[in-house]
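Data first, discussion second: the structure below is written as structure tokens.
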Amino acid sequence: MNNNNPLSVDVSNLTKKFGNFTAVDDVSFRIPTGSIFGFLGPNGAGKSTTIRMLLGIIPPTSGAGTVLGFDIKRQSEEIRARVGYMSQKFSLYEDLTVMENMDFFAGVFGLWGNNKIKKILELIELMKLQGYEKELPAKLPQGIRQRLAFGVSLIHDPGIVFLDEPTGGVDPKLRRYFWDLIVNLSQQGKTVMITTHYMDEVERCDNICFINGGKLMAQGSPYELKKNYIKGKVCRVDTDSPGETGKILEEQQGVSNVFPSGKSVRFILEPGREIEDIGNSLSLSGVSSSSPVAVFPNLEDVFVFLAKKKMEVGS
């Protein structure tokens, strides 16, 4: 292993097939050490399969990759000993208490004696689990279970942490606290690979990879994705009736990717169509709305655009 390797993950043409089904199709990406990497896509896109290959849990059908300098095909044990993983299913032992779970996983990763006790107490405090040490995970609220699972993933001081939707279903306060921890891990030089459905969280990633149907659709920084991937002009209309306004916009020639966003409707205006024409059509329809305005794309615009593009090509 090269300890000076500036990349924590280096994946080339990674493919995984299950019979005739291709779950991950020729995916390549790199994750610089110390960065926060957002791995995004709808359910069934291939995110979990990719992560399982990186962890050495399942072998790739073809392609290559390294994690912390170790080969994912030949050195899976070395990888698993050095990475942290928080899955959606939490991977906790329900018949062990919070403290017993911590103790068990610390032992699995080779922590013993005073070092083990010190690390467990640090994580109990970091994850704000004081008072829950003797509780069984099954009896804990979801947010506390997720704190425990996050803590367990850090028990052996891993070089990279894989977090699979760590903030799903928790309150905004805990989401903010988790992200404070994630940013702090990055500042310590640790790498974080995270899946999430929250666009405000995606904005905090250094780089993003968007996968759909097993194929890599886009990758880059949040700014690069917003600047480079959408063909056309993103526009917004404010309205008290987004459903009705959206239907009218969908009928307009040269308008695509119509979707509601709160009390507004966003859409893409294709080249050759004037924004004033769309405003006139809305006025003539009688719908109550503001005049459409051009706006800088946000990440939701990008992902809606890419998802529709994937549906149109049908592969």
Residue set V67, V108, V24; condition closer than 17 Å to P158 by Cβ and touching a residue at least 60 places away in the same chain (Cβ under 8 Å); output residue V67
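Just checking, does the range 272-291 include any residue being under 20 Å from M199 (Cβ atoms), modelled with pLDDT under 90, among the small types (G, A, S) and out of contact with any Phe, Trp or Tyr (no Cβ under 9 Å at 6 or more places or on another chain)?
No, the range 272-291 contains no residue that is under 20 Å from M199 (Cβ atoms), modelled with pLDDT under 90, among the small types (G, A, S) and out of contact with any Phe, Trp or Tyr (no Cβ under 9 Å at 6 or more places or on another chain).
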For helices (runs of 4 or more DSSP H) lying entirely in the range 95-173, having 2 or more residues that are of a type in the set (G, A, S) picks out 98-108, 142-153
Checked the range 104-116 for anything surrounded by fewer than 17 Cβ atoms within 10 Å (Cβ to Cβ) and either closer than 20 Å to P137 by Cα or small (G, A, S) (or both); matches are F104, G107, V108, G110, G113
Picked from the range 73-94 (must be free of Cβ contacts under 8 Å to residues at least 24 places away in the same chain and part of a loop (DSSP other than H, G, I, E, B)), the residue surrounded by the most Cβ atoms within 10 Å (Cβ to Cβ) is Q75
### Task
Could you please let me know if T49 is farther than 22 Å from V304 by Cα, within 18 Å of the chain's Cα centre (by Cα) and not in a loop (DSSP other than H, G, I, E, B)?
yes
Residues that are at pLDDT 95 or above, surrounded by fewer than 20 Cβ atoms within 10 Å (Cβ to Cβ), within 26 Å of T33 (Cβ to Cβ) and not basic (K, R): does the range 129-144 have at least one? no
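At pLDDT 95 or above and of a type outside the set (F, W, Y): is that true of P166 in this structure?
So P166 does not fit the description; no.
The values are calculated or read from the model by the stated rules, or taken from the named source; none is laboratory data. Given the structure is predicted, the values throughout are model-derived calculations rather than measurements. Methodologically, a virtual Cβ is constructed for each residue, glycine included, from the backbone with ideal geometry; neighbour enumeration extends over all protein chains shown.
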